[in-house]
1. P(r) for region 21-118: what percent of alpha-carbon pairs falls in each 5 Å bin, starting at zero?
2. What percent do you get for the relative contact order of region 21-118 when only Cα pairs under 8 Å and 6+ apart count?
Amino acid sequence: MRKPVSPDVAPEPDPAAEPSPEEQEIVQQSASELAEIQSELLADETLLLRILGMLYLNKKRNIVGFAVSIIEVEKRMGLPREGATFVCEYMKYKRLVLADDKSRFTITVEGIDYLRQGLGVQKATVE
């Protein structure tokens, strides 16, 4: 038979259950790193949508010569040199853009769909 627990006696804290100061610092550092990564991803997503939007408008307005170099992208958007390289490489890999032999980019149908979704524009259904 178990001994009844008295309501006035609080159980003693288990020292092993409390994280050490080193463990607390690791947890805080991990949370800070995750917040920084989330911030970078949000900034990259914004840049990705801006670049896709620029490529979309460029393609729509220019029947001929609608490809845009990465240098021109960075210049038009006021980005530092190599500021859009990572995002453009990602877009190439995901087939949101195509790059020609002179590293000029054009938006693909997938890129237009991604842009529409990112901006909350509904796709029209084709019957």
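1. 2, 13, 21, 22, 14, 8, 6, 5, 5, 3, 1, 1, 0
2. On the way: 78 pairs, mean separation 26.3, N = 98.
Result for region 21-118 is 27 percent.
Laboratory data are not the source of any read-out in this text; all were calculated from the coordinates shown. Please read these numbers as outputs of a predicted model, since none were measured by experiment.
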